[in-house]
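Quick notes on the structure that follows.
The values are calculated or read from the model by the stated rules, or taken from the named source; none is laboratory data. Small disclaimer: the values here were computed from a predicted structure and weren't measured. Note that each Cβ is placed from the backbone with ideal geometry, even for glycine, and that neighbours are counted across all protein chains shown. Areas reflect the complete protein model, heavy atoms only, side chains present, ligands, DNA and RNA absent. Shrake-Rupley method; radii C 1.70, N 1.55, O 1.52, S 1.80 Å.
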Amino acid sequence: MAESTSIARRKWRFRAAAIIVGMLPLLLMEITLRLTGLATVNEVDDPYISVSNPVPLFQRSSDGSAYRTSDARLGYFRPVSFSASKSPDTFRIFCLGGSTVQGRPFAVETAFSSWLQLQLEIADPTRNWEVVNCGGISYASYRLLPIVEEVMHYAPDLIILYTGHNEFLEQRSYPHLTQPTAWQSLSQTALRNIRTVHLANDLWNDWTGQSINRKPVQFAQEVEAILDKQSGLTEYQRDPEWQAGVIEHFKFNITRIIEICTNHQVPLYLANPASNLGSCTPFKSSPTPDLTLADQQKIRLIQRQFQESLQNISNHNTRNAALQLAQLDPQNAAILYRCGLALMDQGDHSDAAQLLLQAKEQDICPLRILESMNQFLKSTAGRELVTLIDIQEEFASLSPARIPADNLFLDHVHPSIHGHQVIAATFFDQMINDGIIKVPTTFESQRQSQYSNHLARLSETYFQQGEIRLKGLQMWTRGQSGRVDLLIEENVRNNQSPDSHTP
(Lines give C-alpha, C1' and ligand atoms only; values in the text may rest on other atoms or scores of the structure.)
Protein backbone atom coordinates (compact mmCIF):
# COMPACT_ATOMS: atom_id res chain seq x y z
CA MET A 1 0.00 0.00 0.00
CA ALA A 2 2.82 2.38 0.96
CA GLU A 3 4.68 1.49 -2.23
CA SER A 4 1.65 2.26 -4.46
CA THR A 5 1.17 5.61 -2.67
CA SER A 6 4.83 6.45 -3.27
CA ILE A 7 4.50 5.60 -6.97
CA ALA A 8 1.39 7.80 -7.29
CA ARG A 9 3.22 10.71 -5.68
CA ARG A 10 6.16 10.31 -8.05
CA LYS A 11 3.75 10.38 -11.01
CA TRP A 12 2.15 13.63 -9.81
CA ARG A 13 5.55 15.20 -9.20
CA PHE A 14 6.65 14.18 -12.70
CA ARG A 15 3.51 15.71 -14.21
CA ALA A 16 3.93 18.92 -12.23
CA ALA A 17 7.57 19.13 -13.28
CA ALA A 18 6.58 18.57 -16.92
CA ILE A 19 4.03 21.39 -16.73
CA ILE A 20 6.59 23.73 -15.15
CA VAL A 21 9.19 22.85 -17.81
CA GLY A 22 6.61 23.38 -20.51
CA MET A 23 5.62 26.78 -19.10
CA LEU A 24 9.21 27.88 -18.49
CA PRO A 25 9.77 29.30 -22.01
CA LEU A 26 6.57 31.38 -21.70
CA LEU A 27 7.61 32.55 -18.25
CA LEU A 28 11.07 33.52 -19.50
CA MET A 29 9.49 35.28 -22.49
CA GLU A 30 7.15 37.27 -20.20
CA ILE A 31 10.05 38.28 -17.93
CA THR A 32 12.15 39.32 -20.95
CA LEU A 33 9.33 41.41 -22.41
CA ARG A 34 8.78 43.21 -19.11
CA LEU A 35 12.50 43.88 -18.61
CA THR A 36 12.95 45.19 -22.14
CA GLY A 37 9.68 47.16 -22.20
CA LEU A 38 8.48 45.41 -25.36
CA ALA A 39 4.89 44.43 -26.20
CA THR A 40 3.48 46.91 -23.73
CA VAL A 41 -0.03 46.28 -22.50
CA ASN A 42 -2.64 48.39 -24.27
CA GLU A 43 -4.63 49.63 -21.30
CA VAL A 44 -7.32 51.18 -23.49
CA ASP A 45 -8.12 48.08 -25.54
CA ASP A 46 -11.92 48.14 -25.76
CA PRO A 47 -13.76 44.97 -26.84
CA TYR A 48 -16.90 47.00 -27.56
CA ILE A 49 -15.73 49.58 -30.13
CA SER A 50 -12.74 50.77 -32.13
CA VAL A 51 -12.03 54.37 -33.17
CA SER A 52 -10.67 54.81 -36.70
CA ASN A 53 -7.37 56.66 -37.15
CA PRO A 54 -7.12 58.04 -33.61
CA VAL A 55 -5.23 61.33 -33.20
CA PRO A 56 -3.67 62.36 -29.85
CA LEU A 57 -5.52 65.11 -28.05
CA PHE A 58 -2.30 67.08 -27.51
CA GLN A 59 0.68 67.86 -29.72
CA ARG A 60 3.99 69.61 -29.08
CA SER A 61 4.19 73.28 -29.98
CA SER A 62 6.57 74.27 -32.78
CA ASP A 63 9.28 75.29 -30.30
CA GLY A 64 8.75 72.18 -28.16
CA SER A 65 8.08 74.16 -24.98
CA ALA A 66 4.44 73.20 -24.51
CA TYR A 67 1.69 70.75 -25.34
CA ARG A 68 -1.34 72.15 -27.12
CA THR A 69 -4.68 70.81 -28.26
CA SER A 70 -4.06 69.08 -31.59
CA ASP A 71 -5.35 71.04 -34.55
CA ALA A 72 -7.32 67.97 -35.70
CA ARG A 73 -9.25 67.92 -32.40
CA LEU A 74 -10.24 71.60 -32.21
CA GLY A 75 -13.69 70.94 -33.61
CA TYR A 76 -14.73 69.24 -30.38
CA PHE A 77 -12.19 70.52 -27.82
CA ARG A 78 -11.23 74.03 -26.80
CA PRO A 79 -7.62 75.14 -27.31
CA VAL A 80 -5.64 74.66 -24.10
CA SER A 81 -1.94 74.26 -23.38
CA PHE A 82 0.47 73.29 -20.64
CA SER A 83 4.24 73.23 -20.25
CA ALA A 84 6.14 70.31 -21.78
CA SER A 85 8.56 70.28 -18.84
CA LYS A 86 6.93 70.09 -15.44
CA SER A 87 8.66 72.07 -12.70
CA PRO A 88 8.91 70.65 -9.14
CA ASP A 89 6.43 73.22 -7.81
CA THR A 90 3.77 72.39 -10.43
CA PHE A 91 0.58 70.55 -9.51
CA ARG A 92 -1.08 69.34 -12.72
CA ILE A 93 -4.77 68.39 -12.91
CA PHE A 94 -6.54 67.02 -15.99
CA CYS A 95 -10.34 67.45 -16.14
CA LEU A 96 -11.97 64.97 -18.53
CA GLY A 97 -15.54 64.65 -19.70
CA GLY A 98 -18.05 66.01 -22.20
CA SER A 99 -19.48 69.42 -22.90
CA THR A 100 -20.25 70.01 -19.22
CA VAL A 101 -16.53 69.87 -18.46
CA GLN A 102 -15.87 72.22 -21.37
CA GLY A 103 -18.32 74.72 -19.88
CA ARG A 104 -21.03 74.61 -22.56
CA PRO A 105 -23.03 76.48 -23.68
CA PHE A 106 -20.32 78.98 -22.73
CA ALA A 107 -16.68 77.90 -22.79
CA VAL A 108 -13.67 76.96 -20.67
CA GLU A 109 -13.42 80.45 -19.15
CA THR A 110 -16.51 79.81 -16.99
CA ALA A 111 -16.19 76.03 -16.66
CA PHE A 112 -15.56 74.50 -13.24
CA SER A 113 -11.93 73.85 -14.23
CA SER A 114 -11.30 77.62 -14.43
CA TRP A 115 -13.07 78.31 -11.13
CA LEU A 116 -11.02 75.52 -9.53
CA GLN A 117 -7.77 77.03 -10.82
CA LEU A 118 -8.74 80.46 -9.49
CA GLN A 119 -9.39 79.01 -6.03
CA LEU A 120 -6.07 77.15 -6.00
CA GLU A 121 -4.15 80.26 -7.03
CA ILE A 122 -5.84 82.29 -4.29
CA ALA A 123 -5.17 79.65 -1.63
CA ASP A 124 -1.49 79.14 -2.50
CA PRO A 125 0.01 81.54 -5.08
CA THR A 126 3.51 80.14 -4.43
CA ARG A 127 2.72 76.95 -6.38
CA ASN A 128 2.21 76.58 -10.10
CA TRP A 129 -1.30 75.22 -10.57
CA GLU A 130 -2.19 73.74 -13.98
CA VAL A 131 -5.83 72.72 -14.42
CA VAL A 132 -6.10 71.37 -17.97
CA ASN A 133 -9.58 71.21 -19.51
CA CYS A 134 -10.09 68.07 -21.63
CA GLY A 135 -13.84 68.39 -22.12
CA GLY A 136 -14.98 67.13 -25.54
CA ILE A 137 -18.36 68.02 -27.00
CA SER A 138 -20.68 64.97 -26.85
CA TYR A 139 -17.81 62.79 -25.61
CA ALA A 140 -18.90 59.63 -23.78
CA SER A 141 -16.81 57.46 -21.48
CA TYR A 142 -15.63 55.18 -24.32
CA ARG A 143 -14.12 58.17 -26.15
CA LEU A 144 -12.48 59.41 -22.95
CA LEU A 145 -10.73 56.10 -22.29
CA PRO A 146 -7.81 56.70 -24.71
CA ILE A 147 -7.48 60.29 -23.47
CA VAL A 148 -7.05 59.04 -19.90
CA GLU A 149 -4.23 56.80 -21.10
CA GLU A 150 -2.67 59.66 -23.10
CA VAL A 151 -2.56 62.14 -20.24
CA MET A 152 -0.72 59.60 -18.10
CA HIS A 153 2.34 60.54 -20.22
CA TYR A 154 2.10 64.17 -19.07
CA ALA A 155 2.87 63.65 -15.36
CA PRO A 156 -0.59 64.27 -13.87
CA ASP A 157 -0.99 64.77 -10.14
CA LEU A 158 -4.77 64.36 -10.23
CA ILE A 159 -7.44 63.27 -12.70
CA ILE A 160 -10.98 64.67 -12.48
CA LEU A 161 -13.59 62.72 -14.44
CA TYR A 162 -17.15 64.00 -15.01
CA THR A 163 -18.95 61.70 -17.44
CA GLY A 164 -22.20 59.78 -17.93
CA HIS A 165 -24.62 62.04 -19.83
CA ASN A 166 -23.43 61.26 -23.38
CA GLU A 167 -23.52 57.47 -23.38
CA PHE A 168 -26.62 57.19 -25.60
CA LEU A 169 -25.65 59.77 -28.24
CA GLU A 170 -24.03 57.42 -30.77
CA GLN A 171 -25.63 54.38 -32.32
CA ARG A 172 -23.96 51.07 -31.59
CA SER A 173 -24.98 47.48 -30.85
CA TYR A 174 -23.54 44.65 -28.80
CA PRO A 175 -24.75 41.40 -30.42
CA HIS A 176 -21.31 39.77 -30.08
CA LEU A 177 -21.10 40.25 -26.33
CA THR A 178 -22.62 38.27 -23.52
CA GLN A 179 -22.47 39.16 -19.87
CA PRO A 180 -19.27 37.52 -18.52
CA THR A 181 -19.26 35.52 -15.32
CA ALA A 182 -17.10 36.66 -12.42
CA TRP A 183 -14.51 34.01 -13.38
CA GLN A 184 -14.53 35.14 -17.03
CA SER A 185 -14.03 38.78 -16.00
CA LEU A 186 -11.09 37.78 -13.81
CA SER A 187 -9.59 35.70 -16.62
CA GLN A 188 -9.99 38.54 -19.14
CA THR A 189 -8.31 41.00 -16.77
CA ALA A 190 -5.41 38.59 -16.25
CA LEU A 191 -4.96 38.04 -20.00
CA ARG A 192 -4.93 41.81 -20.63
CA ASN A 193 -1.86 42.09 -18.38
CA ILE A 194 0.18 39.30 -20.01
CA ARG A 195 2.65 40.82 -22.47
CA THR A 196 3.22 37.53 -24.30
CA VAL A 197 -0.44 37.61 -25.33
CA HIS A 198 -0.04 41.17 -26.63
CA LEU A 199 3.14 40.20 -28.54
CA ALA A 200 1.26 37.36 -30.24
CA ASN A 201 -1.54 39.76 -31.13
CA ASP A 202 0.95 42.29 -32.57
CA LEU A 203 2.73 39.62 -34.65
CA TRP A 204 -0.57 38.30 -35.98
CA ASN A 205 -1.62 41.81 -36.87
CA ASP A 206 1.65 42.44 -38.75
CA TRP A 207 1.27 39.18 -40.67
CA THR A 208 -2.44 39.28 -41.53
CA GLY A 209 -3.30 42.95 -41.10
CA GLN A 210 -5.99 42.00 -38.58
CA SER A 211 -5.96 42.00 -34.81
CA ILE A 212 -6.78 38.82 -32.91
CA ASN A 213 -9.03 41.01 -30.75
CA ARG A 214 -10.95 42.49 -33.67
CA LYS A 215 -13.45 45.17 -32.81
CA PRO A 216 -16.93 44.59 -34.24
CA VAL A 217 -17.89 48.29 -34.26
CA GLN A 218 -15.77 50.96 -35.95
CA PHE A 219 -16.29 54.58 -34.89
CA ALA A 220 -15.18 57.74 -36.66
CA GLN A 221 -12.48 59.92 -35.11
CA GLU A 222 -15.09 62.34 -33.76
CA VAL A 223 -18.64 61.94 -32.50
CA GLU A 224 -21.41 61.07 -34.95
CA ALA A 225 -24.46 61.69 -32.76
CA ILE A 226 -27.84 60.26 -33.67
CA LEU A 227 -29.39 63.70 -33.16
CA ASP A 228 -27.04 65.20 -35.75
CA LYS A 229 -29.25 63.58 -38.38
CA GLN A 230 -32.38 65.33 -39.59
CA SER A 231 -34.46 62.34 -38.44
CA GLY A 232 -32.36 61.79 -35.33
CA LEU A 233 -35.10 61.96 -32.72
CA THR A 234 -37.27 59.44 -34.59
CA GLU A 235 -34.42 56.91 -34.46
CA TYR A 236 -34.67 56.70 -30.70
CA GLN A 237 -37.05 53.88 -29.83
CA ARG A 238 -37.77 52.03 -26.61
CA ASP A 239 -35.08 49.34 -26.63
CA PRO A 240 -34.27 47.78 -23.23
CA GLU A 241 -31.66 45.44 -24.72
CA TRP A 242 -29.70 48.28 -26.32
CA GLN A 243 -29.99 50.34 -23.17
CA ALA A 244 -28.63 47.47 -21.08
CA GLY A 245 -25.67 47.10 -23.46
CA VAL A 246 -24.85 50.81 -23.24
CA ILE A 247 -24.97 50.69 -19.44
CA GLU A 248 -22.63 47.68 -19.32
CA HIS A 249 -20.24 49.44 -21.71
CA PHE A 250 -20.27 52.48 -19.41
CA LYS A 251 -19.43 50.32 -16.41
CA PHE A 252 -16.60 48.69 -18.37
CA ASN A 253 -15.12 52.08 -19.29
CA ILE A 254 -15.28 53.45 -15.75
CA THR A 255 -13.68 50.28 -14.40
CA ARG A 256 -10.89 50.46 -16.97
CA ILE A 257 -10.25 54.16 -16.25
CA ILE A 258 -9.97 53.33 -12.56
CA GLU A 259 -7.50 50.54 -13.42
CA ILE A 260 -5.37 52.92 -15.50
CA CYS A 261 -5.22 55.55 -12.74
CA THR A 262 -4.46 52.89 -10.13
CA ASN A 263 -1.72 51.29 -12.25
CA HIS A 264 -0.07 54.70 -12.69
CA GLN A 265 -0.67 55.65 -9.04
CA VAL A 266 -2.56 58.82 -10.00
CA PRO A 267 -5.46 59.88 -7.75
CA LEU A 268 -8.88 60.04 -9.44
CA TYR A 269 -11.75 62.30 -8.44
CA LEU A 270 -14.76 60.58 -9.98
CA ALA A 271 -17.80 62.84 -10.22
CA ASN A 272 -21.34 61.52 -9.90
CA PRO A 273 -23.13 63.82 -12.39
CA ALA A 274 -26.29 65.75 -11.63
CA SER A 275 -29.32 66.10 -13.91
CA ASN A 276 -32.00 68.74 -14.32
CA LEU A 277 -35.18 67.10 -13.04
CA GLY A 278 -37.50 70.02 -12.39
CA SER A 279 -37.29 72.15 -15.54
CA CYS A 280 -36.53 69.71 -18.36
CA THR A 281 -39.37 68.18 -20.34
CA PRO A 282 -38.58 64.60 -21.50
CA PHE A 283 -37.23 64.62 -25.04
CA LYS A 284 -39.32 61.71 -26.33
CA SER A 285 -42.23 59.87 -24.76
CA SER A 286 -44.72 57.18 -25.64
CA PRO A 287 -47.41 55.24 -23.76
CA THR A 288 -46.44 52.15 -21.85
CA PRO A 289 -46.35 49.18 -24.25
CA ASP A 290 -49.14 46.59 -24.28
CA LEU A 291 -51.75 48.69 -22.49
CA THR A 292 -55.18 47.08 -22.67
CA LEU A 293 -58.09 48.94 -24.20
CA ALA A 294 -59.63 49.23 -20.73
CA ASP A 295 -56.43 50.74 -19.38
CA GLN A 296 -56.29 53.27 -22.22
CA GLN A 297 -59.87 54.34 -21.57
CA LYS A 298 -59.21 54.66 -17.84
CA ILE A 299 -56.09 56.73 -18.50
CA ARG A 300 -58.06 59.16 -20.68
CA LEU A 301 -60.73 59.47 -17.99
CA ILE A 302 -58.20 60.16 -15.23
CA GLN A 303 -56.34 62.65 -17.45
CA ARG A 304 -59.55 64.67 -17.74
CA GLN A 305 -60.01 64.51 -13.98
CA PHE A 306 -56.39 65.53 -13.51
CA GLN A 307 -56.83 68.63 -15.71
CA GLU A 308 -60.04 69.55 -13.90
CA SER A 309 -58.35 69.21 -10.50
CA LEU A 310 -55.58 71.56 -11.62
CA GLN A 311 -58.12 74.19 -12.66
CA ASN A 312 -60.04 73.81 -9.40
CA ILE A 313 -56.82 73.81 -7.35
CA SER A 314 -57.90 70.65 -5.55
CA ASN A 315 -54.81 69.21 -3.91
CA HIS A 316 -56.40 65.95 -2.86
CA ASN A 317 -57.89 65.18 -6.27
CA THR A 318 -54.71 66.23 -8.06
CA ARG A 319 -52.54 63.91 -5.98
CA ASN A 320 -54.88 60.95 -6.42
CA ALA A 321 -55.16 61.49 -10.17
CA ALA A 322 -51.41 61.96 -10.60
CA LEU A 323 -50.55 58.79 -8.71
CA GLN A 324 -53.20 56.80 -10.59
CA LEU A 325 -51.85 57.98 -13.93
CA ALA A 326 -48.29 57.07 -12.92
CA GLN A 327 -49.46 53.61 -11.88
CA LEU A 328 -51.51 52.98 -15.03
CA ASP A 329 -48.94 54.40 -17.49
CA PRO A 330 -45.57 53.99 -15.69
CA GLN A 331 -43.37 54.27 -18.81
CA ASN A 332 -44.91 57.41 -20.27
CA ALA A 333 -42.25 60.03 -19.49
CA ALA A 334 -44.41 63.00 -20.51
CA ILE A 335 -47.27 62.03 -18.18
CA LEU A 336 -44.87 61.32 -15.32
CA TYR A 337 -43.24 64.74 -15.79
CA ARG A 338 -46.54 66.67 -15.85
CA CYS A 339 -47.79 64.84 -12.78
CA GLY A 340 -44.50 65.49 -10.98
CA LEU A 341 -44.64 69.21 -11.69
CA ALA A 342 -48.23 69.42 -10.51
CA LEU A 343 -47.40 67.74 -7.21
CA MET A 344 -44.34 69.92 -6.74
CA ASP A 345 -46.43 73.08 -7.24
CA GLN A 346 -48.82 71.88 -4.56
CA GLY A 347 -46.07 71.08 -2.06
CA ASP A 348 -46.14 67.28 -2.33
CA HIS A 349 -42.37 67.20 -2.69
CA SER A 350 -41.64 63.56 -1.95
CA ASP A 351 -44.02 62.13 -4.56
CA ALA A 352 -43.06 64.92 -6.99
CA ALA A 353 -39.36 64.05 -6.75
CA GLN A 354 -40.08 60.37 -7.35
CA LEU A 355 -42.24 61.07 -10.43
CA LEU A 356 -39.74 63.52 -11.94
CA LEU A 357 -36.92 61.03 -11.47
CA GLN A 358 -39.07 58.32 -13.03
CA ALA A 359 -39.79 60.65 -15.98
CA LYS A 360 -36.04 61.04 -16.60
CA GLU A 361 -35.57 57.28 -16.42
CA GLN A 362 -38.37 56.60 -18.92
CA ASP A 363 -37.22 59.21 -21.46
CA ILE A 364 -36.89 57.31 -24.76
CA CYS A 365 -34.12 59.72 -25.77
CA PRO A 366 -31.91 59.43 -22.66
CA LEU A 367 -29.70 62.51 -22.81
CA ARG A 368 -29.34 62.47 -19.01
CA ILE A 369 -27.42 59.86 -17.05
CA LEU A 370 -29.61 56.99 -15.83
CA GLU A 371 -29.97 56.20 -12.15
CA SER A 372 -28.36 52.75 -12.45
CA MET A 373 -25.25 54.50 -13.80
CA ASN A 374 -25.32 56.99 -10.91
CA GLN A 375 -25.54 54.07 -8.51
CA PHE A 376 -22.63 52.30 -10.19
CA LEU A 377 -20.46 55.39 -9.79
CA LYS A 378 -21.39 55.52 -6.11
CA SER A 379 -20.29 51.89 -5.77
CA THR A 380 -16.71 52.92 -6.60
CA ALA A 381 -16.36 54.76 -3.28
CA GLY A 382 -13.58 53.33 -1.17
CA ARG A 383 -11.42 52.01 -3.98
CA GLU A 384 -7.73 52.75 -3.90
CA LEU A 385 -6.88 56.27 -5.17
CA VAL A 386 -10.54 56.83 -6.19
CA THR A 387 -12.63 59.52 -4.49
CA LEU A 388 -16.31 59.86 -5.39
CA ILE A 389 -17.41 63.49 -5.69
CA ASP A 390 -21.20 63.37 -5.48
CA ILE A 391 -22.35 66.36 -7.54
CA GLN A 392 -25.80 64.79 -7.79
CA GLU A 393 -26.18 64.97 -4.02
CA GLU A 394 -24.60 68.44 -3.81
CA PHE A 395 -27.03 69.88 -6.36
CA ALA A 396 -29.98 68.18 -4.64
CA SER A 397 -28.97 69.66 -1.28
CA LEU A 398 -28.94 73.16 -2.81
CA SER A 399 -32.31 72.81 -4.58
CA PRO A 400 -35.86 73.42 -3.35
CA ALA A 401 -37.44 70.10 -2.39
CA ARG A 402 -34.10 68.49 -3.42
CA ILE A 403 -35.19 68.74 -7.07
CA PRO A 404 -32.43 70.36 -9.19
CA ALA A 405 -33.85 72.66 -11.86
CA ASP A 406 -33.08 76.06 -13.37
CA ASN A 407 -31.63 77.17 -10.05
CA LEU A 408 -28.42 75.40 -11.13
CA PHE A 409 -28.95 74.36 -14.76
CA LEU A 410 -29.27 76.11 -18.13
CA ASP A 411 -30.75 73.06 -19.85
CA HIS A 412 -31.03 69.31 -19.26
CA VAL A 413 -27.44 68.73 -18.05
CA HIS A 414 -25.36 71.89 -18.51
CA PRO A 415 -24.94 73.83 -15.26
CA SER A 416 -25.24 77.58 -15.08
CA ILE A 417 -22.10 79.59 -14.32
CA HIS A 418 -23.11 79.49 -10.67
CA GLY A 419 -23.56 75.72 -10.99
CA HIS A 420 -19.99 75.43 -12.29
CA GLN A 421 -18.78 77.44 -9.31
CA VAL A 422 -20.58 74.98 -7.00
CA ILE A 423 -18.90 72.03 -8.74
CA ALA A 424 -15.48 73.72 -8.49
CA ALA A 425 -16.00 74.42 -4.80
CA THR A 426 -16.90 70.75 -4.21
CA PHE A 427 -13.67 69.55 -5.84
CA PHE A 428 -11.70 72.24 -4.01
CA ASP A 429 -13.14 71.18 -0.64
CA GLN A 430 -12.08 67.61 -1.35
CA MET A 431 -8.53 68.78 -2.10
CA ILE A 432 -8.56 70.52 1.29
CA ASN A 433 -9.75 67.31 2.97
CA ASP A 434 -6.98 65.37 1.19
CA GLY A 435 -4.34 67.79 2.45
CA ILE A 436 -3.40 68.99 -1.03
CA ILE A 437 -4.15 72.61 -0.23
CA LYS A 438 -4.71 74.81 2.81
CA VAL A 439 -6.75 78.00 2.76
CA PRO A 440 -5.79 81.32 4.35
CA THR A 441 -8.20 83.11 6.68
CA THR A 442 -8.94 85.71 4.00
CA PHE A 443 -9.77 83.08 1.38
CA GLU A 444 -13.54 83.59 1.18
CA SER A 445 -13.39 87.34 0.58
CA GLN A 446 -10.55 86.92 -1.92
CA ARG A 447 -12.50 84.26 -3.79
CA GLN A 448 -15.56 86.46 -4.21
CA SER A 449 -13.39 89.34 -5.38
CA GLN A 450 -11.49 87.20 -7.89
CA TYR A 451 -14.69 85.65 -9.21
CA SER A 452 -16.17 89.10 -9.84
CA ASN A 453 -12.98 90.33 -11.52
CA HIS A 454 -12.81 87.22 -13.71
CA LEU A 455 -16.38 87.66 -14.93
CA ALA A 456 -15.82 91.39 -15.54
CA ARG A 457 -12.88 90.59 -17.84
CA LEU A 458 -15.06 88.48 -20.15
CA SER A 459 -16.43 90.33 -23.16
CA GLU A 460 -20.10 90.84 -23.93
CA THR A 461 -19.53 88.73 -27.05
CA TYR A 462 -18.54 85.79 -24.86
CA PHE A 463 -21.94 85.76 -23.17
CA GLN A 464 -23.82 86.42 -26.42
CA GLN A 465 -22.16 83.42 -28.05
CA GLY A 466 -23.13 81.33 -25.04
CA GLU A 467 -26.77 82.33 -25.37
CA ILE A 468 -26.76 81.46 -29.07
CA ARG A 469 -25.13 78.10 -28.38
CA LEU A 470 -27.75 77.41 -25.71
CA LYS A 471 -30.59 78.01 -28.15
CA GLY A 472 -28.82 75.80 -30.70
CA LEU A 473 -28.40 73.03 -28.12
CA GLN A 474 -32.06 73.24 -27.15
CA MET A 475 -33.12 72.93 -30.79
CA TRP A 476 -30.67 70.03 -31.29
CA THR A 477 -32.01 68.06 -28.34
CA ARG A 478 -35.52 68.44 -29.76
CA GLY A 479 -34.41 67.19 -33.17
CA GLN A 480 -35.03 70.59 -34.76
CA SER A 481 -31.57 71.46 -36.08
CA GLY A 482 -28.02 70.29 -36.54
CA ARG A 483 -25.08 71.30 -34.36
CA VAL A 484 -25.53 75.07 -34.40
CA ASP A 485 -23.15 75.28 -31.45
CA LEU A 486 -20.38 73.60 -33.49
CA LEU A 487 -20.89 76.05 -36.35
CA ILE A 488 -20.51 78.90 -33.86
CA GLU A 489 -17.37 77.24 -32.50
CA GLU A 490 -15.87 76.98 -35.99
CA ASN A 491 -16.61 80.65 -36.62
CA VAL A 492 -15.00 81.66 -33.31
CA ARG A 493 -11.95 79.52 -34.07
CA ASN A 494 -11.53 80.99 -37.54
CA ASN A 495 -11.44 84.50 -36.05
CA GLN A 496 -8.79 83.66 -33.46
CA SER A 497 -5.06 84.09 -33.86
CA PRO A 498 -2.86 80.96 -34.16
CA ASP A 499 -1.40 81.57 -30.69
CA SER A 500 -4.71 81.99 -28.89
CA HIS A 501 -4.49 78.71 -26.93
CA THR A 502 -5.66 79.20 -23.38
CA PRO A 503 -2.87 78.64 -20.86
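Condition first: hydroxyl-bearing (Ser, Thr, Tyr), within 30 Å of Glu394 (Cα to Cα) and surrounded by 18 or more Cβ atoms within 10 Å (Cβ to Cβ). Now tell me which residues in region 271-330 satisfy that. If the condition is that a residue be hydroxyl-bearing (Ser, Thr, Tyr), within 30 Å of Glu394 (Cα to Cα) and surrounded by 18 or more Cβ atoms within 10 Å (Cβ to Cβ), then Ser275, Ser285 are the ones that fit.
Checking Ala352, Ala334 one by one, the residue that is modelled with pLDDT of 95 or more and farther than 30 Å from Leu293 by Cβ is Ala352 and no other.
This table checks each residue for (1) in a strand (DSSP E or B); (2) touching a residue at least 60 places away in the same chain (Cβ under 8 Å); (3) under 27 Å from Glu235 (Cα atoms).
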| site | (1), (2), (3) |
| --- | --- |
| Ser113 | no, yes, no |
| Pro125 | no, no, no |
| Tyr142 | no, yes, yes |
| Glu149 | no, yes, no |
| Asn166 | no, yes, yes |
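So which residues in region 245-255 are touching a residue at least 12 places away in the same chain (Cβ under 8 Å) and open to solvent by 10 Å² or more (accessible area, probe 1.4 Å)? Matches in region 245-255: Gly245, Ile247, Glu248, Lys251, Phe252. Look at (1) touching a residue at least 12 places away in the same chain (Cβ under 8 Å); (2) part of a helix (DSSP H, G or I) and you find that His316 fails only one, number (1). Candidates Ile335, Ile369: the one that is in contact with a His (Cβ under 6 Å, 6 or more places away or on another chain), in contact (Cβ under 8 Å) with a residue 40 or more places away in the chain, buried (at least 20 other Cβ atoms within 10 Å of the Cβ) and at negative phi is Ile369. State whether the residues of region 262-280 include one that is farther than 28 Å from Gly479 by Cα and assigned to a helix (DSSP H, G or I). Checked region 262-280: at least one residue is farther than 28 Å from Gly479 by Cα and assigned to a helix (DSSP H, G or I).
When you go through (1) open to solvent by 10 Å² or more (accessible area, probe 1.4 Å); (2) closer than 30 Å to Ala424 by Cα one by one for Phe219, which number turns out not to apply? Every listed condition holds for Phe219 apart from (2). The one condition from (1) in contact (Cβ under 8 Å) with a residue 24 or more places away in the chain; (2) in contact with a Lys or Arg (Cβ under 9 Å, 6 or more places away or on another chain); (3) open to solvent by 40 Å² or more (accessible area, probe 1.4 Å) that His412 does not meet is (3).
Yes/no matrix, rows are residues, columns are (1) open to solvent by less than 30 Å² (accessible area, probe 1.4 Å); (2) over 24 Å from the mean Cα position of the chain (by Cα):
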position: Gln59; (1), (2): no, no
position: Phe77; (1), (2): yes, no
position: Val80; (1), (2): yes, no
position: Asp89; (1), (2): no, yes
position: Gly97; (1), (2): yes, no
position: Arg104; (1), (2): yes, no
position: Leu116; (1), (2): yes, no
position: Glu121; (1), (2): no, yes
position: Pro125; (1), (2): no, yes
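Considering Glu259, Glu241, Glu308, the condition of being closer than 28 Å to Asn53 by Cα and either touching a Gly at 6+ places or on another chain (Cβ under 6 Å) or not aromatic (Phe, Trp, Tyr) (or both) is satisfied by Glu259 alone. Scan region 358-375 for residues that are over 21 Å from Ile257 (Cβ atoms) and either among the β-branched types (Val, Ile, Thr) or in a helix (DSSP H, G or I) (or both) and jot them down. Hits for region 358-375 are Gln358, Ala359, Lys360, Glu361, Ile364.
Which members of region 376-396 meet the condition of being of a type in the set (A, V, I, L, M) and either free of Cβ contacts under 8 Å to residues at least 60 places away in the same chain or not in a loop (DSSP other than H, G, I, E, B) (or both)? Give the derivation first.
Initial filter on region 376-396 (of a type in the set (A, V, I, L, M)): 377, 381, 385-386, 388-389, 391, 396.
Leu377, Ala381, Val386, Leu388, Ile389, Ile391, Ala396, listed by residue number.
Remark: pairs (first residue in region 79-92, assigned to a strand (DSSP E or B); second residue of a type in the set (A, V, I, L, M); Cβ separation under 6 Å; 6+ apart in sequence or on different chains) = Val80/Val132; Ser81/Ala66; Phe82/Val132; Ser83/Ala66. Taking the numbered list (1) farther than 30 Å from Thr442 by Cα; (2) over 21 Å from the mean Cα position of the chain (by Cα); (3) in a strand (DSSP E or B) in turn, Ala72 passes all entries but (3). Do we find a residue being under 21 Å from the mean Cα position of the chain (by Cα) and assigned to a strand (DSSP E or B) anywhere in region 410-423? Yes, some residue in region 410-423 is under 21 Å from the mean Cα position of the chain (by Cα) and assigned to a strand (DSSP E or B). Does Phe463 meet the test of being under 30 Å from Lys229 (Cα atoms), assigned to a helix (DSSP H, G or I) and at pLDDT 95 or above? Against the criterion (under 30 Å from Lys229 (Cα atoms), assigned to a helix (DSSP H, G or I) and at pLDDT 95 or above), Phe463 qualifies. When Arg300 is tested against (1) basic (Lys, Arg); (2) part of a loop (DSSP other than H, G, I, E, B); (3) over 30 Å from the mean Cα position of the chain (by Cα), only condition (2) is not met.
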